[in-house]
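These notes concern the structure reproduced below.
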Amino acid sequence: MSNDAHKELNRLREEIREHDRRYYALGQPNISDREYDRLLERVREIETLHPDWITPDSPTQRVGGEPLSGFEHVEHAVPMLSVDNTYDESQLREFDQRIQKRLEGEAYSYLVDAKIDGVAISLTYEYGLLTLGATRGDGTRGDDVTANCRAIQSVPLRLGGENIPRVIDIRGEIYWPRIAFDAFNEKRIANGEAPFANPRNATTGTLKQLDPSRIVGRGLAFSAHGVGRLEPLDDFPDSNLELYELMRSWGVAVYTDVKCVDSIDAAIDVCKAFGETRATLGYEVDGMVLKIDSRKQRERLGFTSRYPRWCIAYKYEAEQGESVLLDVDFQVGKLGTITPRAKMEPVLLAGTTVRHASLHNFDQVERLDVRIGDTIIVEKAGEIIPQVVRVVTEKRPKNAKPIKRPTKCPACGSPVEQDEGGVYLRCTSIDCVAQRKERLIYFCHRDQMDIEGAGKVLIEQLVDAGLVRDCADFYTLHTKRDQIAAIERMGEQSTDNFLAGIETSKEKPLSKLLAALNIRFVGGSTAAAIAEHFENIDTVMAATVEDLLEVDGVGDELAASVHTFFQNKSNRDVIRRLRNAGVNLTQPKKSTDSSGPFAGLTVVVTGTLEELTRNKAHELIESLGGKVSKSISKKTDLLVVGAKAGSKLAKAEKLGVEVIDETEFIRRAEA
């Protein structure tokens with residue numbers, strides 16, 4: 001049973017990582033917010049029962065989300081954390097009870113305003129002048145999109161009025177109002193271009209434009225909902241509602257119908273009333289946000305490692321509609337995963353006409369017993385591609401056709417096979433053109449080799465033109481500059497930027513290359529662990545399965561995958577060509593403090609930490625001279641415990657290992 005749960009956990013993590021990539025990096029989500037939240041909640045449930053299985057790269061250990069590619073990266077002065085959310089009124093009341101307890105009976109008020117469905121942005125003004133526009137990215141670091149923000153009319157270039165702060169980071173959403181979005185789509189259709197699917201995705205794509213002139217005339221808008229850095233702080237009101245009024249006076253767009261209420265009952269009433277009217281608005285809203293009004297109370301309530309404790313989003317249940325399934329097509333991912341997608345009669349959901357819906361995998365097709373010709377119920381929470389949730393079997397026509405699992409890859413015709421113990425069907429060919437394109441897109445992504453300008457469309461064009469077949473081919477493109485410049489929408493400047501990005505990527509450490517090579521089961525943290533352990537590509541390629549198992553966090557399946565990858569002649573040839581091109585194949589040693597409080601100690605972290613993510617705790621231990629271990633043994637010197645510590649705590653006590661909590665751990669680290 002434990003083994004089954006572990007397999008489910010790994011499968012869910014892989015699925016969530018793919019959804020994160022599509023949502024945050026590509027702007028192409030394919031499941032609803034509600035379904036994503038269900039997946040994440042299931043991961044949390046399993047990890048709560050088995051805290052020893054929590055890994056630094058688990059989706060629960062991150063704020064969520066990755067920066068866009070193609071822009072200069074900037075650090076946020078104050079992190080842009082995600083907001084915890086719920087669909088359940090009772091959980092709003094539980095949130096309120098936590099507020100009461102932490103504020104020890106002190107009176108407080110809630111601001112309740114709309115959760116506009118756009119792209120989170122931070123606008124920095126210095127002495128009233130706009131100096132930086134940055135995307136949220138991973139919460140700590142985002143993309144500098146200042147030039148694009150300046151092209152949006154509702155973003156003030158200079159704040160007007162009185163009492164302008166020396167420095168202020170205005171946080172809010174850039175979104176595409178429905179009337180402007182529809183008008184722009186009409187122009188695209190008239191020009192013979194495909195219309196954009198929905199406002200949120202199109203806003204993400206618009207902000208990724210390297211040429212700001214492409215943004216002018218699209219009608220994007222900005223609405224503020226908060227403040228990050230504010231200097232001098234004491235010159236401004238404690239009430240955020242009053243600060244909203246000040247921002248309006250400076251020319252900043254702020255949600256107009258924000259309510260300030262003194263009880264959770266009143267806040268819930270606001271949410272309910274808004275739910276009845278939100279469909280009539282001229283922009284997309286997927287919920288309401290409840291925030292403590294007082295800045296000082298917010299400071300006292302503080303943050304967890306992922307969310308502010310002083311706010312929560314109440315999201316509305318998914319909107320459903322009825323349609324007829326016309327056909328099913330199959331899409332191929334970078335690892336050969338074949339995903340079924342429903343093609344259906346157009347249906348209006350959340351203000352958008354949709355024609356496609358996710359069927360996730362073939363096990364889901366069988367569970368739903370969905371057939372071509374069926375009347376289906378599709379669900380959509382927010383502006384994304386919907387999913388099929390059930391079949392109206394009583395409306396099934398006599399000629400409804402079952403959906404058959406493909407026996408050949410729809411892209412290249414190669415045989416397919418089912419994952420052992422898994423739900424995914426995969427193309428078996430490493431030469432599949434669809435996989436090749438997805439692998440190359442992944443290679444260039446920011447979390448991997450971070451090649452500026454290497455977007456999905458360009459890479460597909462390079463493959464179709466025969467200019468790129470594998471990742472090593474990127475490093476020969478400087479000899480084909482004229483052919484690249486001739487590609488549609490490239491031109492001289494874009495070509496130069498792209499080739500410069502390729503040249504810059506040569507300096508990336510080995511960990512980034514290992515993550516970029518599409519080795520099955522190898523994510524960013526695992527790639528870093530392998531690179532730091534072996535230090536160069538030659539020792540990685542020469543490593544046996546047993547050698548790889550010595551790396552912290554590497555298990556049997558992963559070790560076998562890495563070993564098999566580097567035994568493949570074609571893969572070794574790619575490494576040879578990368579070496580010849582001057583790509584870095586080494587990993588620098590991490591600098592550590594040999595006199596730090598954990599110097600020479602082997603430290604294990606277990607349970608759920610409140611202030612730090614597991615990954616941050618591990619980084620702290622290593623930077624202060626310690627060695628991180630995943631298991632308790634006689635060699636363990638220290639165990640750091642969070643909530644629900646599990647079996648490791650009992651074992652540590654039995655072996656006489658020193659045990660400290662998170663507060664003591666942070667105190668020692670800061671001493």
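For this structure, a couple of remarks:
- Among residues of segment 197-218, those that are in contact (Cβ under 8 Å) with a residue 60 or more places away in the chain and touching a Phe, Trp or Tyr at 6+ places or on another chain (Cβ under 6 Å), counted: 2
- Filtered by the rule that a residue be over 20 Å from Val522 (Cα atoms) and either in contact with a Gly (Cβ under 7 Å, 6 or more places away or on another chain) or of a type in the set (D, E, K, R) (or both), segment 325-338 gives Leu325, Asp327, Asp329.
- Within the option set Tyr316, Tyr307, being touching a Gly at 6+ places or on another chain (Cβ under 7 Å) and farther than 19 Å from Arg396 by Cα holds for one residue only, Tyr316.
- The set of residues in segment 634-659 that are touching a residue at least 12 places away in the same chain (Cβ under 8 Å) and small (Gly, Ala, Ser) comprises Gly642, Ala643, Ala645, Gly646, Ser647, Ala652.
- Lone qualifier among Gly321, Gly336 - being closer than 23 Å to Asp37 by Cβ and either without any contact (Cβ under 8 Å) to a residue 24 or more places away in the chain or of a type in the set (Gly, Ala, Ser) (or both): Gly321
- Wholly enclosed strands (runs of 3 or more DSSP E) of segment 104-196 bearing at least 2 residues hydrophobic (A, V, I, L, M, F, W, C) and without any contact (Cβ under 8 Å) to a residue 40 or more places away in the chain: 129-135
- Residue that is surrounded by the most Cβ atoms within 10 Å (Cβ to Cβ) [pool: residues in segment 438-477 that are in a helix (DSSP H, G or I) and among the acidic types (Asp, Glu)]: Glu438
- Residue count for segment 253-275 under the criterion of being within 31 Å of the chain's Cα centre (by Cα), over 30 Å from Gln153 (Cβ atoms) and charged (D, E, K, R): the result is 1.
- From Arg341, Arg278, Arg355, residue being within 27 Å of Arg390 (Cβ to Cβ), in contact with an Asp or Glu (Cβ under 6 Å, 6 or more places away or on another chain) and not aromatic (Phe, Trp, Tyr): Arg341
- Selected residue [outside the structural domain of Trp176 (by TED's automatic domain parsing), buried (at least 22 other Cβ atoms within 10 Å of the Cβ), over 28 Å from the mean Cα position of the chain (by Cα) and within 21 Å of Glu35 (Cβ to Cβ)] from Val378, Val370, Val388, Val392: Val370
- Close pairs (6 angstrom Cβ cut-off, 6 or more residues apart or separate chains): in the same structural domain as Gln153 (by TED's automatic domain parsing) in segment 232-257, of a type in the set (D, E, K, R) and in a helix (DSSP H, G or I) anywhere: Asp238/Arg295; Asp238/Lys296; Val254/Arg248
- Scanning segment 556-572 turns up at least one residue that is small (Gly, Ala, Ser), within 21 Å of Val468 (Cα to Cα) and outside the structural domain of Glu452 (by TED's automatic domain parsing).
- Filtering segment 309-357 to residues that are basic (Lys, Arg) and within 24 Å of the chain's Cα centre (by Cα) leaves Arg309, Lys315, Lys334, Arg341.
- Check on Arg178, among the basic types (Lys, Arg), closer than 21 Å to Glu284 by Cα, surrounded by fewer than 17 Cβ atoms within 10 Å (Cβ to Cβ) and within 26 Å of the chain's Cα centre (by Cα): yes
- So Ala669, is it at pLDDT below 80 and of a type outside the set (S, T, N, Q): no
- Here Asn185 qualifies as at pLDDT below 90, outside the structural domain of Thr613 (by TED's automatic domain parsing) and more than 26 Å from the chain's Cα centre (by Cα).
Residue-by-condition table, conditions (1) polar (S, T, N, Q); (2) without any contact (Cβ under 8 Å) to a residue 40 or more places away in the chain; (3) touching a Pro at 6+ places or on another chain (Cβ under 6 Å); (4) farther than 21 Å from Ser629 by Cβ:
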position: Thr526; (1), (2), (3), (4): yes, no, no, no
position: Asp538; (1), (2), (3), (4): no, no, no, yes
position: Leu549; (1), (2), (3), (4): no, yes, no, no
position: His563; (1), (2), (3), (4): no, yes, no, yes
position: Phe566; (1), (2), (3), (4): no, yes, no, yes
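The values are calculated or read from the model by the stated rules, or taken from the named source; none is laboratory data. Please read all numbers here as calculations on a predicted model, not as lab measurements. Heads up, the Cβs are rebuilt from the backbone with ideal geometry, glycines too, and the neighbour counts pull from every protein chain shown.
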